[in-house]
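*Asks:* Input: one structure, supplied below.
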Amino acid sequence: MFVTFYGAAREVTGSNSLLETGGQKILVDCGMFQGGEFNSDKNFNPLVYDPRELDAVLVTHAHLDHVGRLPLLVKNGYEGHFFATPATRELAELIMLDALEIMEYNERKMGIPTLYHATDVAGVMQRFKPVNYHEGLDLPARKKGQEEIKVTFFDAGHIFGSAFVLVESEGKRIVFSGDIGNVIVPILKDTESLPVKLDAVVCESTYGNRIHEPSAERQVILEKMVTEAMQRGGVLMIPSFSLERTQELLYALNDLIDRKKRLPRLPIFLDSPLAIGATRVYRKYVEYYDDEAMKLHKNGDDLFDFTGLTMCETREESKKINRVPGPKIIIAGAGMMNGGRIVHHALRYLSDERNTLLIVGYQAKGTLGRKILDGESPVNIMGEQVVVKAHVEAIGAFSAHGDQDKLLDWLGGGGEVPKKVLLNHGEPEASEVLAKRLKEDLGVKATVVSEGLRVKI
Ligand code: ZN
C-alpha cells in the first residue's frame, strides 16, 4: 500500500492524494488550488498521473479545494465512478458549476482560459455514485492482479455531508480525514470517532497550531453585533461562505428572532444564489441533523427561515435590496469579498459610518475582506476608491475546522493511536507544530508531507 500526495501538501488547498493498494489506483479528492487569484497557475499544471488508469475516486466533501478539479479527470479520460455521500454529490455540483461560472467570467474579462467545460461537470455528475455513512462500499477487482477493496464513509462534522474515509485492503487499514469539523457546531452531528487498529491516517492540519474561541459563544457575540449595528440604524453586511457558514448564520438568526425573540424583526436578505441552492440541500437531508436541529425540524420549525428573511436569487431581486431603508441585514457571498454580490453592497454602504461590516470567516491575504479587516482605507472596489467609514467587526468562532485540541482528541481519542499519521492540508508552521505535539503527547509517528512524496504503509 502506497500513498502519494499531489496537492494540499504544505498548503491548504488542492487536496489530491493517490492510494495504490490491492492492484488498484484510488484517488481521494481532486480540489482546486486557490492561492491568490481564482485560477491559480498550479491548476493548469498537467496531472502527474494518468486519469485513465484510475479505478475509483473517493470524494470527502464538497468544498472547492476538494472537488474543484474533478471535471479535469473526466476531461482527461477518467471513465470510472466518483463516490461520496448523497449530500456531497448535490453540493459538489453547485460548487463546480459556480466555479465554472467564475472561470467563464474571467475568460471573457481577462482572457484566462477555463480549466474545463460544462460537459466535463456533467460527466462527473453522471459518474457519481452516492454512498451513505457506514454503508460498506466494495471496489471490486476488475483487472488481473487486483483485489477487492472495502471503503466506509464516516461523518466528519465539517460541513453538510462531509466524510472521513476508511479504506481496508491488503490486511491494512488507512483513514483519509478530509477536513475535520469544529466542536459544538449547530445543525451538524459531531465528528465520529476515529476507528481503531489503523496502520495510517492522512490528516488535515489547517489549525494545527491554533486554539479557537469557544464555539458556544458565537451566538452571544452575533446577538451583540446585530444589536449594536441596529442601534446605529444602518446596514449590517455579512460576507459569508455559501456552504455551512451561511446556513449556520440563518440557523442562529432563526433562533434569535423567531424562537427566543432576543432580536427584533427586521429585513434580512440572503443575496447569494449559491447559498440559496446549498440551503435547499440542507433542507433535503434531515437525517444528517444533530439532535437539536432534528427536534426543531420534527416540531415543524423551518431551521433556515424566519420572519423578515428574503432570499434573493435573481439580479432583479438583489437590486431591490437597495430600496429597502435601514436597519437591515445583508448576507452575501463571496466570503472573502473577492467577488460576488457582497462587492456591490460594499461599494454602496462602506463609506457610511452608520453601517457595519461583520466578518465571520478566514480572510486570505490579498482579498478585499482582509484589506478592510487590516484597516486599509480607502480600498479599491470595482475601480472606485471607497473610504471605509463603516464599523468593521469580526467573529472568529464560526470556523468550520477543528483546532489543535480537536485534532489531538480525534487522533488520540480511541485509546489506541494510529501507527502512522501523515499531515497534509496545512501551512508548514501549523502542520509542524501539530506533528510535534502528536509525537510528544501521543507518541505517534507523524510526518508533514510534501508534494510528490510517496509513502509506503
Ligand atoms: Zn473543507
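The values are calculated or read from the model by the stated rules, or taken from the named source; none is laboratory data. Note that the coordinates shown come from a computational prediction; the quantities given were computed from them, not determined experimentally. For neighbour counting, all protein chains shown are included, and Cβ atoms are generated from backbone atoms with ideal geometry for every residue, glycine included. Just the protein is used for accessible areas: all its heavy atoms, side chains included, with ligands, DNA and RNA removed. Shrake-Rupley method; radii C 1.70, N 1.55, O 1.52, S 1.80 Å.
*Asks:* Only one residue in K295, K284, K319 is open to solvent by 60 Å² or more (accessible area, probe 1.4 Å) and touching a residue at least 40 places away in the same chain (Cβ under 8 Å), so which one is that?
*Replies:* The conditions single out K284.
*Asks:* Of the residues V324, V360, which single one is surrounded by 22 or more Cβ atoms within 10 Å (Cβ to Cβ), farther than 23 Å from Y105 by Cβ and of a type outside the set (G, A, S)?
*Replies:* Testing whether each residue is surrounded by 22 or more Cβ atoms within 10 Å (Cβ to Cβ), farther than 23 Å from Y105 by Cβ and of a type outside the set (G, A, S) leaves just V360.
*Asks:* Suppose the filter is farther than 28 Å from V343 by Cβ, without any contact (Cβ under 8 Å) to a residue 60 or more places away in the chain and surrounded by 13 or more Cβ atoms within 10 Å (Cβ to Cβ); does D301 pass it?
*Replies:* Here the answer is yes, as D301 does meet what is asked.
*Asks:* Would you please name the residue that is farthest from E147 (Cα to Cα), looking only at residues in segment 158-207 that are more than 16 Å from the ligand (Cβ to nearest atom) and among the small types (G, A, S)?
*Replies:* For segment 158-207, the residue satisfying everything is S193.
Matching residues to (1) farther than 23 Å from T114 by Cβ; (2) more than 15 Å from the chain's Cα centre (by Cα):
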position: P46; (1), (2): no, yes
position: Y49; (1), (2): no, yes
position: D55; (1), (2): yes, yes
position: L58; (1), (2): yes, yes
position: A62; (1), (2): no, no
position: G68; (1), (2): no, no
position: L73; (1), (2): no, yes
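*Asks:* Of the residues L408, L423, only one is of a type in the set (A, V, I, L, M) and within 16 Å of the ligand (Cβ to nearest atom); which?
*Replies:* L423
*Asks:* Also, quick follow-up: State which residue is surrounded by the fewest Cβ atoms within 10 Å (Cβ to Cβ) when the search covers only segment 88-132 and only residues that are of a type in the set (S, T, N, Q) and within 23 Å of L188 (Cα to Cα).
*Replies:* The residue in question is N132.
*Asks:* Looking for whichever is over 22 Å from T4 (Cβ atoms), within 16 Å of the ligand (Cβ to nearest atom) and open to solvent by less than 10 Å² (accessible area, probe 1.4 Å) here; the options are T60, T85. Which one fits?
*Replies:* T85
*Asks:* So, in segment 133-156, of the ones that are part of a strand (DSSP E or B) and out of contact with any Lys or Arg (no Cβ under 7 Å at 6 or more places or on another chain), which residue ends up most open to solvent (accessible area, probe 1.4 Å)?
*Replies:* K150
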